[in-house]
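Inspection log for the structure reproduced underneath, given as structure tokens.
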């Protein structure tokens, strides 16, 4: 008679097939079993024809990859443990010593830090270009340029670039374009058709997760050869994501469009109200509002009645120093101070514009103190009351 511990591990019972429910099952594995040696040798992890090892995918991760690829209008998707990991992965897969990568001056700060740090140490050069000027981009491309990053809109400073103009410059020179589409979430515009990108990444941490409790990124492509190159590096670097995190994103995807629309509408209402507060506010940076940098580019990509994320920034009048702006932020009661965005709770972070942009590329706003707002799912009326009372700190 076998030991009870052996029988518990090797118990023969298998549940019947055919179970179906609104949410998919969660499969967790490092080891994957094969019925025999021939099956082990025949399985192809690269094309999702079977399962070989946890890092190469499970039914749960395959589901999320396919749904994100569909959301972005692509053909293939890779999952990464964060949005920054997705950015880093594309650079690692496509760049080598002697290559150059071009990064928009208003890009996500950690992407610029990666170029200045690890990429520079590995002999990969980078330049920052003015994202609002395709001619500036064209001047910086040379024979060593292998990759151009595009972000729409710019992180914190919210300029919306001429996406088609930038991608056409790259296309004419045979340079690949990678788009950070976290703001658009696959909903505001199509990164391939409307922006002309070859690679589209997202921080699934933001809108697809929607709960402020998951870290994950995605890399989506349409070209099979490009995807396989990215996938090979993905395997060699050992990237993996947790099954419970995948489950959380899968659970949130059905409400993605509803949440995005609600947060968009609330953000526009609050941004428009702040535009009327000229005693304190110099400029409101929101791509969907007239007068915001790149508004016409937003209309071209997203349409005159298009969508926008629930995100905007406010430039305060120059007479308000950093201590006053910080006091305004501290006075907010519903807005919580914290990085990231796309979750149910409204967030706010103050920034110093001067620390974020190169002086020679800086299309300066009228003031240096910038506060970025991420609008959650609270009542817009309550958020407006909160802004109103906090502005009194500046009187």
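A few comments on the model shown:
- Each part reduced to its alpha carbon centroid, region 107-183 and region 243-274 end up 27 Å apart.
- Here the label points at residue 13 and residue 273, each 7 Å from Cα along the C-beta direction, are separated by 5.7 nm in the simple model.
- Look at the alpha carbon pairs under 8 Å that are at least 6 residues apart: their mean separation over the length of region 1-140 gives a relative contact order of 14 percent.
- Approximate shape of the chain as ellipsoid semi-axes (Cα gyration tensor, √5λ), whole Å, largest first: 40, 27, 18
- Square roots of 5 times each gyration tensor eigenvalue, C-alpha, region 1-52, largest first, Å: 25, 20, 10
- Here the relative contact order of region 37-253, from alpha carbon pairs under 8 Å that lie six or more residues apart, stands at 26 percent.
- Gain upon complete extension [residue 326, residue 345; 0.36 nm per residue less C-alpha separation]: 4.9 nm
- Largest first and in whole Å, the equivalent-ellipsoid semi-axes of region 210-273 read 32, 16, 11, each the square root of five times a Cα gyration tensor eigenvalue.
- The C-alpha atoms of the chain define a longest principal axis, and helix 83-94 lies at about 70 degrees to it.
- Annotation: average projected area of region 90-141 is 3.4 square nanometres, based on the convex hull of Cα atoms across all directions.
- Protection-proxy order for peptides 96-106, 177-187, each taking the mean of Cβ atoms within 10 Å per residue, highest first: 177-187, 96-106
- Shape of region 37-253, Cα gyration tensor, a/c cut at 1.5: prolate
- Stretchable slack from residue 299 to residue 133, in nm (0.36 nm times residue separation minus alpha-carbon distance): 58.1 nm
- If you take the Cα centroid of region 282-319 and the Cα centroid of region 5-75, the two points sit 44 Å apart.
- For region 149-188, convex hull volume per residue from C-alpha positions, Å³: 69 Å³
- Hydrodynamic radius by Kirkwood, which averages 1/r over all alpha carbon pairs of region 139-287, in angstrom: 17.5 Å
- For 206, 28, order by how many other beta-carbon atoms lie within 10 Å, fewest first: 28, 206
- Computed extension length for residue 36-residue 232: 68.0 nm, one decimal, from 0.36 nm per residue of separation with the Cα-Cα distance subtracted.
- Tilt relative to the chain, helix 243-252 - C-alpha long axis, 0 to 90 degrees, to 10: 50 degrees
- Value of relative contact order over the chain, rounded to a whole percent, pairs C-alpha under 8 Å and six or more apart: 15 percent
- Counting Cα-Cα pairs of region 255-394 in 5 Å increments starting at 0 gives whole-percent bin shares of 2, 10, 19, 24, 21, 15, 7, 2, 0.
- MRE, 222 nm, helices only [DSSP H, n ≥ 4, -39500 (n - 2.57), over the chain, to nearest 500]: -10000 deg cm²/dmol
Taken together, the values in this text are just the output of simple stated rules run on the coordinates, not laboratory data. No experiment lies behind these values; they were computed from the predicted model shown. Every residue, glycine as well, gets a Cβ built from its backbone with ideal geometry; the counts of neighbours run over all protein chains shown.
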